[in-house]
Structure formats: structure tokens, C-alpha cells
Amino acid sequence: MRLDGKVALITGSASGIGEACATLFAQEGASVAAADISEDGAVRTAATVSEAGGKSIAITGDVTSKPECERMVEETVAEFGSVDILVNSAGITPRYVPADLPFDEKWDRVIDVNLKGSMLMSYFASEKMKEKGSGSIVNLASIIGLVGYTHGMGLSDGFNPYPHSKGGIVQMTRDMGVTFARTGVRVNALCPGFAYTALTKTLTEDPEARERLENLHPMGRLGEPMEIAHAALFLASDEASFITGACLPVDGGYTAQ
Ligand SMILES: NC(=O)c1ccc[n+]([C@@H]2O[C@H](COP(=O)([O-])OP(=O)(O)OC[C@H]3O[C@@H](n4cnc5c(N)ncnc54)[C@H](O)[C@@H]3O)[C@@H](O)[C@H]2O)c1
């Protein structure tokens, strides 16, 4: 098994890509700390992993809170003895923020969850990893961290914090990747194209918008969470031992156009 003996802490594990990572990593032998702001969701994912024969605990926590990030890492270490893998999959789009908030407060909220949350979790997890002399952090950036937002879909007016947060994750990944390079801690990011998850539900439930979105990807479809989890598995595993600071598109050809 590719993650035998490893401990993986996965944020955003109640849904979508994080949930798929929790399931897949446990199948590959990892002990999984399934973290999410949704207590029910984290418990559900941990139960699914355990029922399938994996080792898992549920951790409830908000990645925007520094003390909660520290606690999530400490709980993982207390239960399983280390944190070898961190997947930063907790994320939101502006539609998760109250619509009547001023645009700058919406911006703060999305940046806090997506960018600051990934930074805080990486801060506390990397401390443990450096002590051990090994570890792998996998961030969830996006194609929208590499290129401008989807032209013609009306998804951004240039002030949408989502692409700004994902571009920040790309650069954070490169910076941490090179800075930690001699500590044994690798830091990489995935840049998924649009995927069929709760995050994109408002787009995909409208058949016309869904078709337009699918056609923006050369493969003519969106990604499945498990397709993205498989790329995360590779980056998390020792098979990627010479890869750090990399941002890997998993996008059906979107950024190759
Ligand atoms: N789905 C896509 O099309 C797509 C594409 C590119 C990148 N991504 C990124 O991948 C990651 C996972 O996306 P997904 O599609 O699986 O989303 P999702 O909505 O299915 O899951 C996100 C999870 O994050 C949790 N979460 C939200 N705020 C949190 C907080 N403050 N603290 C802790 N947990 C919190 C939610 O409860 C949810 O379980 C996100 O960072 C997203 O931006 C998604």
C-alpha cells in the first residue's frame, strides 16, 4: 500500500475532494484525521473510513482560527503519533458568504478560509513534520490560480476573491516548497479544473451552464473528486519524493489550451 504507516490530516474532509482523499488514503494504508468545520460531516467521513476497515478519527475545526488549527494538528498527533501528510482541502467560494456583505468583507472571508486557512494549517503541521524530518503538504489551488476566471461565464468582475485566493495558494506552495526543501518536508499543490462537487452545484444544476462549463474543458466534462484525490495521493506518497513547490493541473486539458 502506498501510504502504509503514514498519518494524513485532511481538512474539508466532509465533502467533495477532501472526502475522496480521506477514503482513498485510508484504502492505501494511511491513518486519517478527517477534519471539517461541519462536525456531522467529519464524523460521517471518519465513520465511512472506519466501516471500510481504515483507521480514522473525526476532528471538528475552523481553518480560519489559529488556535483551532493548532488543536487539529495536536489532536492528530495525540491520536496517531505524527502528522505525515496534510491535505488543505477546506475551501469556499463567495456564494458561501452572506450576499449583503460589502465586497471587501466578502473578499476577506474567502481569503481567510482558502488562503489563510491553508497557511495556518501548514504552519502547525510543518512544525511537526520538520521535527520528524519528513512530511508532505498538498494544497488545493485551482486552474483559476493559474489563469484568469472563465471568460464569458459571468463568474468574476475582477474582484472575485476566489481566483485571488487560489493564485495566493500557488505562490505559497512555491515559496514553502523551496524554503522547506532541505527539511524533508515537501509542499505541492493541485490545480483542479471544475469538478462535480457541492462547491460547483449552483453551476452544474443548471443544464445550460453545466454544458457550457463542461465544454470549456477539452475533455468535454468536469472532474470527479476521486480523479483529483488520485493526484493528491501521488503527491502525498513517497513516489513524489523529488517533487516540491510544484502546482499540478488536474483539469481535463483546461490550462493547456
Ligand atoms: N470543485 C471544484 O470545481 C474545485 C476546483 C478547483 C479547486 N477546488 C478546491 O478544492 C477544495 C475542495 O473543494 P470541493 O469541491 O471538494 O468543495 P466542497 O464544498 O465539496 O468541500 C469543502 C469542504 O470544506 C469545508 N469547509 C469550509 N469552510 C471551512 C472552514 N472554515 N474550516 C474547515 N472546513 C471548512 C466544508 O464544510 C466542506 O466540507 C477547495 O479548496 C476548492 O476551492 C475545487
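The values are calculated or read from the model by the stated rules, or taken from the named source; none is laboratory data. What you are looking at is a predicted structure, and each value in this text was computed from that prediction instead of being measured. Neighbour counts run over all protein chains shown; Cβ positions are idealised from the backbone, glycine included.
A few notes on this one:
- Test: Gly252 is touching a His at 6+ places or on another chain (Cβ under 8 Å) and small (Gly, Ala, Ser): yes
- With respect to (1) outside any helix (DSSP H, G or I); (2) crowded, with 18+ Cβ neighbours inside 10 Å; (3) in contact with an Asp or Glu (Cβ under 7 Å, 6 or more places away or on another chain), the lone exception for Leu248 is condition (3).
- Listed by first and then second residue, the pairs linking a residue in the range 115-134 that is closer than 14 Å to Ser89 by Cα to a residue that is assigned to a helix (DSSP H, G or I) and among the charged types (D, E, K, R), with Cβ atoms under 7 Å apart and 6 or more places separating them unless they lie on different chains, are Leu120/Lys66.
- Which listed residue, of Gly145, Gly152, Gly91, is surrounded by fewer than 18 Cβ atoms within 10 Å (Cβ to Cβ) and not hydrophobic (A, V, I, L, M, F, W, C): Gly152
- Scanning the range 78-88 for residues that are surrounded by fewer than 18 Cβ atoms within 10 Å (Cβ to Cβ) and either under 17 Å from the mean Cα position of the chain (by Cα) or among the hydrophobic types (A, V, I, L, M, F, W, C) (or both) yields a count of 1.
- The one condition in (1) under 22 Å from Lys130 (Cβ atoms); (2) in contact (Cβ under 8 Å) with a residue 24 or more places away in the chain; (3) among the hydrophobic types (A, V, I, L, M, F, W, C); (4) surrounded by fewer than 22 Cβ atoms within 10 Å (Cβ to Cβ) that Leu216 fails to fulfil: (1)
- For the range 176-210, a residue qualifies if it is more than 15 Å from the ligand (Cβ to nearest atom) and touching a residue at least 24 places away in the same chain (Cβ under 8 Å), and the qualifying residues are Met176, Gly177, Val178, Phe180, Ala181, Thr183, Gly184, Val185, Arg186, Val187.
- Residue in the range 30-41 that is aliphatic (A, V, I, L, M), closer than 19 Å to Ala240 by Cβ and in contact with a Pro (Cβ under 7 Å, 6 or more places away or on another chain) present: no
- Some residue of the range 109-120 being over 15 Å from the mean Cα position of the chain (by Cα) and at pLDDT 95 or above: yes
- The criterion of at least 1 residues that are within 11 Å of the ligand (Cβ to nearest atom) and under 18 Å from Ala232 (Cα atoms) is met, among helices (runs of 4 or more DSSP H) falling completely within the range 65-163, by 117-132.
- Residue within the range 30-37 that is surrounded by fewer than 24 Cβ atoms within 10 Å (Cβ to Cβ) and within 12 Å of the ligand (Cβ to nearest atom) present: yes
- Which numbered condition Glu224 fails, given (1) more than 25 Å from Leu115 (Cβ to Cβ); (2) more than 12 Å from the ligand (Cβ to nearest atom); (3) charged (D, E, K, R): (2)
- Qualifying residue in the range 5-16 (condition: surrounded by fewer than 18 Cβ atoms within 10 Å (Cβ to Cβ) and either within 15 Å of the ligand (Cβ to nearest atom) or under 28 Å from Asn160 (Cα atoms) (or both)): no
- Scanning the range 223-245 for residues that are touching a Gly at 6+ places or on another chain (Cβ under 7 Å) and small (Gly, Ala, Ser) yields Gly223, Gly245.
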